[in-house]
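The structure appears below as structure tokens.
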Amino acid sequence: MNLENIKPDIRHLKDMKNVVYDQEWFKTAPEDLELYYMYRGLKEKDNLRYDITIIPPRMLGKEYVKTKGHNHPEKEEYIVLEGEAIFLIQDGKEIIKDVYAVKAKKGDKVIIPPEYDGHVTINPTNQELKLANWIAKDFKHDYSVIERMKGASYFYTTDGWIKNKNYKQVPELRFDNWFFKKYTYIEA
């Protein structure tokens with residue numbers, strides 16, 4: 001899909017103030033730095049909308065660039081179109097019951113099941129990450145929990161995974177790829 005003539009929503013660093021791990025770096029970073037680009041509603045099918053997100057390779061100080069993260073009541077379906085991603089998928093709001101990290105590469109399909117409350121997408125490479133998703137047409141992203149908790153339950157940094165201490169309870173992070181096989185992705 002050609003995105004050249006389509007204006008994206010842009011997530012700037014200033015929009016991520018409450019969710020960036022390296023707050024010392026954040027103090028001196030340019031707040032208008034463009035972190036990623038969201039092309040929403042490119043297609044519609046069966047009351048679903050098709051979006052594309054592009055996340056260039058960047059570092060947020062010690063942390064790998066990521067999406068802001070959001071909570072949702074419904075499942076989301078993703079496919080990696082270019083690059084590699086890590087999806088951090090968590091169940092719970094202030095008390096996390098379960099948390100997975102799923103690695104995905106070009107062509108991989110990942111489902112965020114409806115029983116999991118939130119997720120963040122991370123670009124852990126020096127290549128552009130391009131991913132597409134299908135979601136309910138009238139879906140509104142809820143960033144409030146992850147903003148209030150100052151990020152998802154884990155941060156992925158140059159030092160590895162770091163647990164977010166703002167949550168009341170966070171289990172050990174697990175790595176699982178069962179999300180690839182459990183559901184069928186809706187083709188664009």
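Pairs linking a residue in the range 24-43 that is touching a residue at least 12 places away in the same chain (Cβ under 8 Å) and closer than 20 Å to THR121 by Cβ to a residue that is among the aliphatic types (A, V, I, L, M) and assigned to a helix (DSSP H, G or I), with Cβ atoms under 9 Å and 6 or more positions apart or on different chains, are PHE26/LEU13; PHE26/MET16; LEU33/LEU13; GLU34/LEU13; LEU35/LEU13; LEU35/MET16.
Residues of the range 126-144 that are within 9 Å of TYR50 (Cα to Cα) and assigned to a loop (DSSP other than H, G, I, E, B): LYS137 alone.
Selection over the range 10-22 of residues that are without any contact (Cβ under 8 Å) to a residue 24 or more places away in the chain and either polar (S, T, N, Q) or outside any strand (DSSP E or B) (or both) gives a count of 2. ILE162 meets the conditions (1) over 18 Å from ILE79 (Cα atoms); (2) in a loop (DSSP other than H, G, I, E, B); (3) more than 12 Å from the chain's Cα centre (by Cα) in every case but one. The failed one is (2). Scanning the range 131-156 for residues that are within 12 Å of the chain's Cα centre (by Cα) and within 24 Å of LEU3 (Cβ to Cβ) yields a count of 5.
Taking the criterion of being on the phi > 0 side of the Ramachandran plot and part of a loop (DSSP other than H, G, I, E, B), would at least one residue in the range 57-73 satisfy it? Within the range 57-73, one or more residues are on the phi > 0 side of the Ramachandran plot and part of a loop (DSSP other than H, G, I, E, B).
Here ARG49 meets the list (1) at pLDDT 95 or above; (2) surrounded by fewer than 19 Cβ atoms within 10 Å (Cβ to Cβ); (3) part of a strand (DSSP E or B) almost entirely, failing just condition (1). Within the range 125-146, the set of residues being at pLDDT 90 or above, crowded, with 17+ Cβ neighbours inside 10 Å and not β-branched (Val, Ile, Thr) comprises LEU129, LYS130, LEU131, ALA132, ASN133. Of the residues making up the range 139-163, those that are touching a strand residue (DSSP E or B) at 6+ places or on another chain (Cβ under 7 Å), in contact (Cβ under 8 Å) with a residue 24 or more places away in the chain, closer than 17 Å to LYS93 by Cα and of a type outside the set (Ser, Thr, Tyr) are HIS141, ASP142, VAL145, ILE146, ALA152, PHE155.
The values are calculated or read from the model by the stated rules, or taken from the named source; none is laboratory data. Not measured: the values here are computed from a predicted model. With ideal geometry, Cβ positions are generated from the backbone for all residues, glycine too; neighbour counts draw on all protein chains shown.
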